[in-house]
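To start, the structure itself, in structure tokens.
The values are calculated or read from the model by the stated rules, or taken from the named source; none is laboratory data. Fair warning: this is a prediction, and the values are worked out from it, not measured in the lab. Using ideal geometry, Cβ is built from the backbone for each residue, glycine included, and neighbour counts are taken over all protein chains shown. The area values use the complete protein model at the heavy-atom level, side chains included, leaving out ligands, DNA and RNA. Shrake-Rupley method; radii C 1.70, N 1.55, O 1.52, S 1.80 Å.
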Amino acid sequence: MKKYRIGPRPAPLDASLLAGFREVEIATIGHFRHRGFVDRALRPIAPITGLLAGPAVTVAIPGTDSTLLHHALSVVQPGDVVVIDRLGDRRHACLGGGVAFAAKAAGAIAVVLDGPCTDPDEIIEVGLPVFCTGVSAITTRLNDLGGALNLPISCGNVPVMPGDLVLMDACGVLILPPDEAAEVLAEATARQARAGRNRDKIEAGEKLGDLSGASRLVAAELER
């Protein structure tokens, strides 16, 4: 069996779809969808402004090894999101200032890493948004152990296919299959347009429970 398994580059995502998602919030999608949200332990190492959206380049690398990650940055194209499955390792940091610089130079808009990073100050200076589980001083090496590129992986307890739409903002990361994205965007856009519609009413003295119907449900139960 070959140590390195490499799949083809997926078809590009529609540019208008990417632009549409940049106008919504991931928490808005969380009002009606439950699948695809990566574990909340994966947090940005620096504040995120707005929503980032791009196709997934998937990488799976074991334990102490980052050989395939270095190679993967040779196939990254502008607008890509590098999504890294550490195959259960939580000790070794495969991403630091140097790798972040190379990813940024290749055109990656972000990295989603199911494990720790290192050199957080350098990564922030590079300006590459990174979602990860924390920081570690113990780094990976070029141990030539193998891995997978642009094949199905798991990141943050969510399955990720190469070319999946990756959405990232201050609330977290959401993975969407491309064939579901348009429907999700339509619903999210409609809900986003209704966001904040009750603020003037609440400022005028109305109660959230009355506006949402929650107080009616509580009262009905208490009257039983």
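Looking across the range 178-201, just one residue is under 24 Å from Val111 (Cα atoms), in contact (Cβ under 8 Å) with a residue 40 or more places away in the chain and not hydrophobic (A, V, I, L, M, F, W, C), and that is Pro178.
Name the single residue, out of those in the range 57-77 being closer than 15 Å to Gly163 by Cβ and of a type outside the set (A, V, I, L, M), that is least open to solvent (accessible area, probe 1.4 Å).
Step one: of the range 57-77, the residues closer than 15 Å to Gly163 by Cβ are 57-59, 72, 75-77.
Filter once more, keeping what is of a type outside the set (A, V, I, L, M): 58, 77.
On the way: Thr58: 0, Gln77: 87 Å².
It comes out as Thr58.
Inspect all residues belonging to the range 141-155 and state whether any of them is without any contact (Cβ under 8 Å) to a residue 60 or more places away in the chain and not polar (S, T, N, Q).
Here is the first cut: in the range 141-155, the residues without any contact (Cβ under 8 Å) to a residue 60 or more places away in the chain are none.
No - not one qualifying residue is present in the range 141-155.
Is it the case that the range 177-185 has a residue that's in the same structural domain as Ile48 (by the TED database), under 21 Å from Gly36 (Cα atoms) and either within 11 Å of the chain's Cα centre (by Cα) or small (Gly, Ala, Ser) (or both)? There is at least one residue in the range 177-185 that is in the same structural domain as Ile48 (by the TED database), under 21 Å from Gly36 (Cα atoms) and either within 11 Å of the chain's Cα centre (by Cα) or small (Gly, Ala, Ser) (or both). Scanning the range 14-42 for residues that are within 16 Å of the chain's Cα centre (by Cα), surrounded by 15 or more Cβ atoms within 10 Å (Cβ to Cβ) and not small (Gly, Ala, Ser) yields Leu18, Phe21, Val24, Glu25, Ile26, Thr28, Ile29, Arg33, Phe37, Val38, Leu42.
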